[in-house]
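Student: Provided herewith is a single structure, encoded as structure tokens, for subsequent inquiry.
The values are calculated or read from the model by the stated rules, or taken from the named source; none is laboratory data. Small disclaimer: the values here were computed from a predicted structure and weren't measured. With ideal geometry, Cβ positions are generated from the backbone for all residues, glycine too; neighbour counts draw on all protein chains shown.
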């Protein structure tokens, strides 16, 4: 039967030259036919390095793919970062931990501290829609005991902006359960412990926590011991590559303690007078939040280790289901920083990264240069 089908196919090829005949596993089209330098494939098929005709955009062996890529089980060329290198999902996680204690009620300018905090935070979420992956914890929550934090009000997730905005705007209404009229405690320690739980599932994505508070850890919620616990949790997050930005909203916040939190979080303010960020009103808070958000979208990411051979580094961006190779050097590509520990993007590559136009970035290194790298880093 197979010989008969090959004969029929070859006869048809005489009538329709676009078809080709040959091969020892012949189907209804010339895909999978044997091929080589003297036996090309019928267009739009092409000849795999395995010597078989295959469809454009597919592969049979690694040699069918461009440098830095491998052929996967679905016959797709994918970055080899799973073997040696690093992949980063973008946009990064950005968990907002916002104080809703009773001290947020007093007037501040034409609004209240709570109104100013909500409007500034809503502005942040809207301005960075699609560029950050938002989540929200309001502390204290309304569950008992009051010093505990049992609720994440909006879990980190894709396209989460409207959920965060709607929850915050609803909480401007005194009738809403999250309006800041109780419990009247400031439980920064358990709020950050809750944040640590929310950030506990690694997914190859950069992670950041934004802590905004106007007060001091409540004595009834552990007082100084609570501060020690907060600093410990923030340091543990940083050890897991999750940085914490600390914002004191008005000068009533505990500046000396917030400085400690900011240093532990690995993202201190550049101000020589303080390590935390201070905001005195809604405009100031909006400006601080924008500065912080922009800094999370810096055009680069750490590799975790130096490439074993700097001349063999490949970078790919993923948008949808497509991978695009990003050239090294030049004004629109990437470079290694002097320590060889970080990839820095510039020009167009930086723009598409910071504008949230890609879903993954992959850096591949060490393939074929004598590296002992055998698995994901």
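Student: Can you tell me which condition residue 215 does not meet? The list is (1) farther than 18 Å from residue 91 by Cα; (2) modelled with pLDDT of 95 or more, and all the others hold.
Tutor: Failing condition for residue 215: (2).
Student: When only residues in region 283-319 that are assigned by TED's automatic domain parsing to the domain that holds residue 262 and over 19 Å from the mean Cα position of the chain (by Cα) count, which is surrounded by the most Cβ atoms within 10 Å (Cβ to Cβ)?
Tutor: Once the filter is applied, the top-ranked residue is 285.
Student: Are any of the residues in region 320-332 over 19 Å from the mean Cα position of the chain (by Cα), outside any strand (DSSP E or B) and either in the same structural domain as residue 187 (by TED's automatic domain parsing) or crowded, with 20+ Cβ neighbours inside 10 Å (or both)?
Tutor: no
Student: Any chance region 75-92 includes a residue that's at pLDDT 95 or above, surrounded by 19 or more Cβ atoms within 10 Å (Cβ to Cβ) and either over 30 Å from residue 30 (Cα atoms) or touching a helix residue (DSSP H, G or I) at 6+ places or on another chain (Cβ under 6 Å) (or both)?
Tutor: Within region 75-92, not a single residue is at pLDDT 95 or above, surrounded by 19 or more Cβ atoms within 10 Å (Cβ to Cβ) and either over 30 Å from residue 30 (Cα atoms) or touching a helix residue (DSSP H, G or I) at 6+ places or on another chain (Cβ under 6 Å) (or both).
Student: Can you pull out every residue in region 333-345 that is part of a strand (DSSP E or B) and either at pLDDT below 90 or under 14 Å from residue 304 (Cβ atoms) (or both)?
Tutor: 336, 342, 343
Let's see how each residue does on (1) modelled with pLDDT of 50 or more; (2) within 46 Å of the chain's Cα centre (by Cα):
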| position | (1), (2) |
| --- | --- |
| 11 | no, no |
| 15 | no, no |
| 23 | no, no |
| 26 | no, yes |
| 29 | yes, yes |
| 47 | yes, yes |
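Student: Now a separate question. Would you please name the residue that is modelled with the lowest pLDDT, looking only at residues in region 352-373 that are part of a strand (DSSP E or B) and crowded, with 22+ Cβ neighbours inside 10 Å?
Tutor: Among those that are part of a strand (DSSP E or B) and crowded, with 22+ Cβ neighbours inside 10 Å, it is 365.
Student: Given the conditions (1) under 28 Å from residue 349 (Cβ atoms); (2) more than 17 Å from the chain's Cα centre (by Cα); (3) surrounded by fewer than 19 Cβ atoms within 10 Å (Cβ to Cβ), report the number of the one that residue 259 does not fulfil.
Tutor: (1)
Student: Residue by residue through region 70-88, note down the ones that are in a strand (DSSP E or B) and over 15 Å from residue 319 (Cβ atoms).
Tutor: 70, 71, 77, 85, 86
Student: Then there is this: Looking at region 94-102, can you tell me whether even one residue there is touching a residue at least 24 places away in the same chain (Cβ under 8 Å), surrounded by fewer than 19 Cβ atoms within 10 Å (Cβ to Cβ) and more than 25 Å from the chain's Cα centre (by Cα)?
Tutor: yes
Student: Given the conditions (1) out of contact with any helix residue (DSSP H, G or I) (no Cβ under 9 Å at 6 or more places or on another chain); (2) at pLDDT below 85, report the number of the one that residue 348 does not fulfil.
Tutor: Condition not satisfied by residue 348: (2).
Student: Go through region 114-140 and count every residue that is under 27 Å from the mean Cα position of the chain (by Cα) and in a loop (DSSP other than H, G, I, E, B).
Tutor: The qualifying residues number 5.
Student: Taking the stated definitions as given, is residue 107 at pLDDT 95 or above and buried (at least 22 other Cβ atoms within 10 Å of the Cβ)?
Tutor: The answer is no for residue 107.
Student: Identify all residues within region 143-159 that are free of Cβ contacts under 8 Å to residues at least 60 places away in the same chain and in contact with a helix residue (DSSP H, G or I) (Cβ under 9 Å, 6 or more places away or on another chain); write none if there are none.
Tutor: Matches in region 143-159: 148, 149, 150, 151, 152, 153, 154, 155, 157.
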